[in-house]
Amino acid sequence: MEAVKRNIEDTKDLIDESFGDSILRHLIYTVGKDKTHAVDRDWCVAVSYAVRDRMVDGWIDTTRAIYKKKQKRVYYLSMEFMIGRMLEDSLTNLGLIEDAKDFLTSEGLNFHDVLHAEQDAALGNGGLGRLAACFMDSMSTTGVAGMGYGIRYQHGIFRQNIEDGWQMEEPEDWLVKGNAWEFRRSEVVYNVEFGGKVETAPDGKVTWTPSERVQAVAFDMPIAGWKGEHVNTLRLWSARQADMMNLKKFNEGDFMASARQQILAETLSKVLYPGDHTPEGRELRLKQEVFFTSASLQDLLRRYFTNYESLDTLGDHVAVQLNDTHPAIAVPELIRIMMDDHGYSFERAFEITRETLHYTNHTLLPEALEKWPVSLFASILPRHLQIINLIDGAFYQEAMAAGLEHHIIAGIQAIHPHQNDWVRMGNLAFIGSRKVNGVSALHTELMKKTVFHDLHRMFPDKIVNQTNGVTPRRWLLECNHGLSDLITDKIGEGWIDDLEQLKKLEKFAEDKAFQKTYMAVKTDNKKRLGDFLKERMDITVNPDAMFDIQIKRIHEYKRQLMNVLETIALYNAMKADPKAKWQPRVKIFAGKAAPSYFLAKLIIKLINDVAEVINNDKDIGDNLKLIFLPNYNVSAAEVLIPGADLSEQISTAGFEASGTGNMKFALNGALTVGTLDGANVEMREHLGEENIFIFGMIDDEVAERQHRRARPSEVLKDSPRLQQIIRQLETGFFSDGDTNRYHDILDNLKHHDYFQVVPDFEAYWNIQRHIDEVYQKPEEWAKMAILNTARMGWFSSDRTIRGYAKDIWNAPTK
């Protein structure tokens, strides 16, 4: 009894201890350092554990409340969660930021240095992962009983270095020093199986005997919403071998053979998006998707059975959201579990699956709508292939009953019945889901007209829109302290979880005093960005120049190529007329190219080659600087976005599903130059067309040129600027005389140009010169920037999540 009493007293002491005492306790007893010998990283870990302690109380309370109320649960399956650093975000949401700052300052520490001793979690690459992270924040803030499922990547996608202008990939090492935010759940382990054979007994019973088995081990991270009132879970799976090491082979000296299964199993959670240009790479990619999807479904069903006895009502109590096609294997896997483990007929299992799963499409690019060779499925997922054939059979009967013709049905089944070559995961996800959503109004309408045209004809009510949004906590309150303080001073702090309150700022747009203060904040952010560039790249920039920024993964449709070509044209114009009053610009690019995407990597090389010439031309000086920032991540974005004057959103019309970088920039007062693509369309509606710079062809015009295979030569002959640039690239002006370096770029520009760089180039050049003129009118620019901030409230991910909850999940929010 005495020991029990001491335990209770110890627990009470921990609850009552100050935040500073909690930090010191973790520094000594968790990190194992005293104050004298602790470095910034040690203090960062100690603060993280102290914050985590306080999150756990809300986490447990949230979990208990959900179980007690039997609240409908939402499970968000995503290959990526680009969460960035967690410490500042958690301190902010729990209202502990000032306590932490005061304590660390009293200990003689630099608060900023301690915060930034944390590494970014290497769990994502681009917009898909960052959206998932925003959604996790907003599900907690809006009170959705949400849980994220993904993979605990050991090395992320890759660390990007630039050597001689070329992208070089190295493994991320974010887990080497541990992750203070995670809880290893050693008891939460699931088998995931591959290969083997499927046998059907005379009574019709099907038995799958796999030949390979790995285990998924759970690691949990608490995700607190605003004010810490609701704390959800991000559960990440790590792979390990199912069987112990082959000790016999080890003792015989065959060490590699003894560890072979361990190596193969752990490969599943090593790297995000391993190269799929080899058969081995394709197999690994598919296995990764099966691995985390199967483990997640097994886990959510285990939780479901704690409250309910029958899977008949699964869709009433559970909503599973598939973030793009990566988890589309959930369709046959959930059916398999119900049939093979719970005795359901195929027909009933398919019906329940369609009541439970929902699919978010993020792309109209056919190559991004994943498909896998049927032979690969037959080899590693024979039971799933069998079920997919059952799905196609049932779907065929539905489609015939709906009046579709045979050849139309063949084109939209998961496997084309005559070609029998690919499993088309987008079609599978669509057929197996209750709702399918696009992520901007334009994207959703294009889905209906293009990639899912015939499926939409058959299911006219299945496709809905949920325009993306961003969390204002991370992307204004935390990354832009100057602006968030100014906003709060003017309108109060209600905007933090009700972003549409920013509309109250509209009345200050022409207030000269407010304009001056607002633009002073922008100048401070530009100086901070300049310091960041100096530290990272040893380059000095003029904070009075226009900061013109494009930060995205490198892809032809995002048209970084058009941006750098316009930069060359501007450089040429400055050289031709050095005495003109040019508007100084600092042009910044950042983003990663997929390791096997040669043309994207060549575009990075071109940017760096052009930068080498421009930045060392004394005639140009501070009038133009060009920078490619390596290893772009969330933490870099938190500095780049507040410091931007101009946001480049210049994708080929009809190809960007939504974009969220466009929203973050505008929220922070950067003006947008862009095409009518993705969410730019809705941004124009909310901002007013006079507060955004739109240029270029619309989606129908792009489609028409592509359909008739219009040649870029039709336009090139009338563009002296582009002709000069092409000559420079051909003659090695930017490549030390190497006339062959940009052959593939030039061939594309002159003969193919699928993403319409050439026909949009002159419009892009003209709008940029107009932007120069507007920037030279400070009061006009300030007014436009203020109105951008004031009118971006609709683009909060809190609004998006409430839309999903109402229109797709049928789940309650607070």
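The values are calculated or read from the model by the stated rules, or taken from the named source; none is laboratory data. Please read all numbers here as calculations on a predicted model, not as lab measurements. Glycine also receives a Cβ, built like all others from the backbone with ideal geometry; neighbour counts cover every protein chain displayed. Keep in mind that these areas ignore ligands, DNA and RNA; they rest on the heavy atoms of the full protein, side chains included. Shrake-Rupley method; radii C 1.70, N 1.55, O 1.52, S 1.80 Å.
Is one or more of the residues making up the range 76-87 at pLDDT below 95 and more than 30 Å from ALA330 (Cα to Cα)?
To start, the set of residues in the range 76-87 that are at pLDDT below 95 comprises none.
No, the range 76-87 contains no residue that is at pLDDT below 95 and more than 30 Å from ALA330 (Cα to Cα).
Would you be able to tell me the number of residues in the range 320-362 that are closer than 23 Å to GLY127 by Cα and open to solvent by less than 10 Å² (accessible area, probe 1.4 Å)? So that I can check it myself, show each step before the final result.
Of the residues in the range 320-362, the ones closer than 23 Å to GLY127 by Cα are 320-330, 357-362.
Keeping just the survivors that are open to solvent by less than 10 Å² (accessible area, probe 1.4 Å) gives 320-323, 325, 327-330, 357-361.
Going through the range 320-362 one residue at a time, the tally reaches 14.
Which one is nearest to PRO472 (Cα to Cα) among residues in the range 596-655 that are among the acidic types (Asp, Glu) and open to solvent by 10 Å² or more (accessible area, probe 1.4 Å)? Give the derivation first.
We begin by selecting, within the range 596-655, every residue among the acidic types (Asp, Glu); these are 609, 612, 617, 619, 622, 638, 645, 648.
From the residues that got through so far, the ones that are open to solvent by 10 Å² or more (accessible area, probe 1.4 Å) too are 609, 612, 617, 619, 622, 638.
Working: ASP609: 37, GLU612: 37, ASP617: 41, ASP619: 42, ASP622: 34, GLU638: 12 Å.
Applying the filter and picking the extreme gives GLU638.
So which residues in the range 42-63 are surrounded by fewer than 16 Cβ atoms within 10 Å (Cβ to Cβ) and more than 27 Å from the chain's Cα centre (by Cα)?
Of everything in the range 42-63, those that are surrounded by fewer than 16 Cβ atoms within 10 Å (Cβ to Cβ) and more than 27 Å from the chain's Cα centre (by Cα) turn out to be ASP57, ILE60, ASP61.
Out of curiosity, is LEU476 touching a Lys or Arg at 6+ places or on another chain (Cβ under 7 Å) and assigned to a helix (DSSP H, G or I)? Give the derivation first.
Details: touching a Lys or Arg at 6+ places or on another chain (Cβ under 7 Å): no; assigned to a helix (DSSP H, G or I): yes.
No: the conditions fail for LEU476.
Taking ASP341 and the conditions (1) part of a helix (DSSP H, G or I); (2) of a type outside the set (A, V, I, L, M); (3) without any contact (Cβ under 8 Å) to a residue 24 or more places away in the chain; (4) touching a helix residue (DSSP H, G or I) at 6+ places or on another chain (Cβ under 8 Å), which numbered condition does it fall short on, given that it satisfies the others?
If we test ASP341 against (1) part of a helix (DSSP H, G or I); (2) of a type outside the set (A, V, I, L, M); (3) without any contact (Cβ under 8 Å) to a residue 24 or more places away in the chain; (4) touching a helix residue (DSSP H, G or I) at 6+ places or on another chain (Cβ under 8 Å), just (4) comes out false.
Keeping to the range 523-574, report how many residues are open to solvent by 30 Å² or more (accessible area, probe 1.4 Å) and either in contact with a His (Cβ under 8 Å, 6 or more places away or on another chain) or assigned to a helix (DSSP H, G or I) (or both).
Residues meeting the conditions: 11.
Residues checked against (1) at pLDDT 95 or above; (2) among the hydrophobic types (A, V, I, L, M, F, W, C); (3) at negative phi:
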{"residue": "ILE725", "(1), (2), (3)": "yes, yes, yes"}
{"residue": "GLU730", "(1), (2), (3)": "yes, no, yes"}
{"residue": "ASP736", "(1), (2), (3)": "yes, no, no"}
{"residue": "THR739", "(1), (2), (3)": "yes, no, yes"}
{"residue": "ASP747", "(1), (2), (3)": "yes, no, yes"}
{"residue": "GLU762", "(1), (2), (3)": "yes, no, yes"}
{"residue": "ARG769", "(1), (2), (3)": "yes, no, yes"}
{"residue": "GLU773", "(1), (2), (3)": "yes, no, yes"}
{"residue": "MET784", "(1), (2), (3)": "yes, yes, yes"}
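Please find, within the range 192-217, the residue that is farthest from ILE387 (Cα to Cα) out of those that are in a loop (DSSP other than H, G, I, E, B) and under 36 Å from the mean Cα position of the chain (by Cα). Even if it seems obvious, please write down each step before you answer.
Here is the first cut: in the range 192-217, the ones in a loop (DSSP other than H, G, I, E, B) are 195-196, 201-205, 210-211.
Then drop every residue that is not under 36 Å from the mean Cα position of the chain (by Cα), which leaves 195-196, 210-211.
Working: GLY195: 15, GLY196: 15, PRO210: 16, SER211: 19 Å.
The selected residue is SER211.
Of all strands (runs of 3 or more DSSP E) completely enclosed by the range 73-163, which ones contain at least 1 residues that are in contact (Cβ under 8 Å) with a residue 24 or more places away in the chain and surrounded by fewer than 23 Cβ atoms within 10 Å (Cβ to Cβ)?
Numbers: elements: 73-77, 145-151, 159-163.
In the range 73-163, 73-77, 159-163 are the strands (runs of 3 or more DSSP E) which contain 1 or more residues that are in contact (Cβ under 8 Å) with a residue 24 or more places away in the chain and surrounded by fewer than 23 Cβ atoms within 10 Å (Cβ to Cβ).
Hey, can you tell me all the residues within the range 504-514 that are under 20 Å from GLU493 (Cα atoms) and either assigned to a helix (DSSP H, G or I) or open to solvent by 70 Å² or more (accessible area, probe 1.4 Å) (or both)? Talk me through it step by step, then tell me what you get.
Pass one, the range 504-514, residues under 20 Å from GLU493 (Cα atoms): 504-509, 514.
Across the range 504-514, the qualifying residues are LYS504, LEU505, GLU506, LYS507, PHE508, PHE514.
Of the residues PHE665, PHE755, PHE695, which single one is aromatic (Phe, Trp, Tyr), in contact (Cβ under 8 Å) with a residue 12 or more places away in the chain and in contact with a strand residue (DSSP E or B) (Cβ under 6 Å, 6 or more places away or on another chain)? If you could, list the steps in order and put the result at the bottom.
Working: PHE755 fails: in contact with a strand residue (DSSP E or B) (Cβ under 6 Å, 6 or more places away or on another chain); PHE695 fails: in contact with a strand residue (DSSP E or B) (Cβ under 6 Å, 6 or more places away or on another chain).
Of PHE665, PHE755, PHE695, the one residue that is aromatic (Phe, Trp, Tyr), in contact (Cβ under 8 Å) with a residue 12 or more places away in the chain and in contact with a strand residue (DSSP E or B) (Cβ under 6 Å, 6 or more places away or on another chain) is PHE665.
Need at least 2 residues that are of a type in the set (Lys, Arg) per element, so show me which helices (runs of 4 or more DSSP H) inside the range 687-800 make the cut, counting only ones lying wholly within it.
On the way: elements: 699-707, 713-716, 720-731, 743-747, 757-775, 778-790.
Helices (runs of 4 or more DSSP H) meeting the threshold: 720-731.
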